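The values are calculated or read from the model by the stated rules, or taken from the named source; none is laboratory data. What you see is a predicted model, and the numbers here were worked out from it, not measured in a lab. Note that each Cβ is placed from the backbone with ideal geometry, even for glycine, and that neighbours are counted across all protein chains shown.
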Amino acid sequence: MLKVRRKKLEHFFDKYNLDALLLSNLLNIRYLCGFSGSEGALLLTRNAAWLLCDSRYTTQAAAETTDTEIRQFSERQDAIGTLIQEQKLHRIGFESAHITVSIFMELSSKLQGCELVSIGKDFDQIRSCKDVDEIGKLETVARLASEALQATLVYLKPNVSEVSFARELEFEMRRRGAEGRSFDFIVASGVRGAMPHGRASEKLIGSGELVTIDFGASLNGYHSDETVTVAVGKPDSRSKEIHDIVKEAHDRAIAAVRPGLSGCELDAIARDYITEKGYGEYFGHGLGHGVGLEIHEQPVISPRSRTIIEEGMVFTVEPGIYIPELGGVRIEDTLVVTSHGCRLLTSAPKDMFII
């Protein structure tokens with residue numbers, strides 16, 4: 001599996017004429033060799049790999065990695081310099097999007113006679129298409145989170161605070177085996193629903209209010225992301241109208257997903273429908289984002305996205321309408337792109353339902 005993932009790096013070796021790639025982003029390191037520690041570096045040539053870590057992680061690294069030589073260090077930059085000189089490497093690509101200027105300067109001083117070649121954020125594209133193992137992990141954590149929400153909705157009542165409901169949801173996810181939450185849950189009721197990132201507060205949920213719940217779990221390093229908007233008591237007619245519009249935009253976008261479509265084209269399917277219904281100015285964010293080892297990663301689905309959708313990509317579809325002083329609605333599922341369409345990984349009901 002890791003050998004297949006490393007084959008994605010051949011493009012960078014060829015494009016930049018590299019002898020080696022030096023990785024510092026811990027998520028890319030985990031993706032390419034399996035190491036899940038919080039300190040380390042990975043050096044890759046076309047045919048070999050070295051993981052450099054300190055004494056805290058050598059035993060863990062040996063257990064987690066394959067086809068990778070473990071090198072223990074006391075000072076990382078010195079160890080990197082020694083290894084590169086030992087292997088007689090001269091042109092080294094590095095992740096410029098994940099390294100500070102001070103670290104770059106220090107590393108440069110250790111690599112006299114070597115050329116450090118900047119590789120930007122496009123390197124993170126290697127994780128855009130998920131393999132079978134990743135899709136299995138994403139499906140497991142998404143199912144866990146969806147089921148946890150449905151088990152927790154019994155606690156969503158008038159005069160319950162947003163934050164107390166968020167705590168119940170996190171507890172239920174952990175009880176079902178989650179390692180933790182993917183992010184600070186959004187529980188935004190009533191007028192707070194107009195805030196797309198309205199983290200759970202001490203506000204008490206009122207009767208007749210819509211409540212937007214954006215939540216996710218983490219397990220085995222992978223994340224889930226899902227949003228429902230529910231009514232606590234009977235909502236007013238405008239709230240029901242907005243929910244119906246967002247749900248239809250969500251459904252149209254999901255039905256349109258297929259390999260070969262661009263990210264901006266997919267975004268437009270949902271956005272144009274919301275605009276047609278008179279609410280375009282109230283949908284300000286992109287339609288979706290990738291989910292994997294990070295809760296927000298490639299690909300990006302937005303009006304500016306030029307990403308071409310491919311089989312194996314995993315991303316969200318999450319249209320919304322947010323009206324100041326009234327409230328808002330967001331409906332979100334995470335999906336995996338198949339050869340002819342897509343399959344949902346998240347499973348909580350998205351139709352309007354009243355608690």
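Miscellaneous remarks
- Whichever residue in the range 52-70 is without any contact (Cβ under 8 Å) to a residue 24 or more places away in the chain and not polar (S, T, N, Q) and, among such residues, is farthest from G81 (Cα to Cα): A63
- All positions within the range 140-151 that are under 22 Å from E209 (Cα atoms) and surrounded by fewer than 20 Cβ atoms within 10 Å (Cβ to Cβ): Q150, A151
- Residue within the range 82-96 that is closer than 21 Å to L293 by Cβ, touching a residue at least 40 places away in the same chain (Cβ under 8 Å) and among the hydroxyl-bearing types (S, T, Y) present: no
- Members of the range 2-35 that are touching a Leu at 6+ places or on another chain (Cβ under 7 Å), more than 17 Å from Y222 (Cβ to Cβ) and either buried (at least 22 other Cβ atoms within 10 Å of the Cβ) or small (G, A, S) (or both): A20, L21, L22, L23
- The listed residues are L326, L335, and the only one of them that is surrounded by fewer than 22 Cβ atoms within 10 Å (Cβ to Cβ) and either closer than 15 Å to V230 by Cβ or aliphatic (A, V, I, L, M) (or both) turns out to be L326.
- Unique match (being in contact with a Leu (Cβ under 9 Å, 6 or more places away or on another chain), more than 27 Å from G284 (Cα to Cα) and at pLDDT 95 or above) among E179, E162: E179
- Within the range 191-205, tally of residues that are of a type outside the set (A, V, I, L, M), closer than 11 Å to E162 by Cβ and surrounded by fewer than 20 Cβ atoms within 10 Å (Cβ to Cβ): 4
- The residue of the range 10-33 that is farthest from the chain's Cα centre (by Cα), among those that are part of a loop (DSSP other than H, G, I, E, B) and within 25 Å of D78 (Cβ to Cβ), is D19.
- So T338, is it within 30 Å of K234 (Cα to Cα), free of Cβ contacts under 8 Å to residues at least 60 places away in the same chain, among the polar types (S, T, N, Q) and not assigned by TED's automatic domain parsing to the domain that holds G120: no
- Within the range 163-193, the only residue that satisfies the criterion of being of a type in the set (D, E, K, R) and more than 24 Å from the chain's Cα centre (by Cα) is R192.
- Qualifying residue in the range 251-266 (condition: within 23 Å of L138 (Cα to Cα) and among the basic types (K, R)): yes
- Residue within the range 239-248 that is in the same structural domain as P158 (by TED's automatic domain parsing) and within 21 Å of the chain's Cα centre (by Cα) present: no
- In the condition set (1) surrounded by fewer than 15 Cβ atoms within 10 Å (Cβ to Cβ); (2) assigned by TED's automatic domain parsing to the domain that holds S339, M173 is compliant with all but (1).
- When the residues of the range 338-355 are filtered to those that are of a type in the set (S, T, Y) and under 15 Å from T229 (Cα atoms), the one that is farthest from the chain's Cα centre (by Cα) is S347.
- Filter pass, I295 being closer than 30 Å to L153 by Cα and either touching a Pro at 6+ places or on another chain (Cβ under 8 Å) or part of a strand (DSSP E or B) (or both): no
- Selection count, the range 36-55, where residues are within 23 Å of D122 (Cβ to Cβ) and either among the aliphatic types (A, V, I, L, M) or crowded, with 19+ Cβ neighbours inside 10 Å (or both): 6
- Residue list for the range 248-258, filter: among the basic types (K, R) and either over 20 Å from H289 (Cβ atoms) or not in a helix (DSSP H, G or I) (or both): R258
- Test: V317 is at pLDDT 95 or above and touching a Pro at 6+ places or on another chain (Cβ under 9 Å): no
- Hits in the range 259-291 - residues which are in contact (Cβ under 8 Å) with a residue 40 or more places away in the chain, in a loop (DSSP other than H, G, I, E, B) and more than 16 Å from E318 (Cβ to Cβ): P259, G260, L261
- When the test is whether a residue is among the aliphatic types (A, V, I, L, M) and out of contact with any strand residue (DSSP E or B) (no Cβ under 7 Å at 6 or more places or on another chain), L204 does not pass it.
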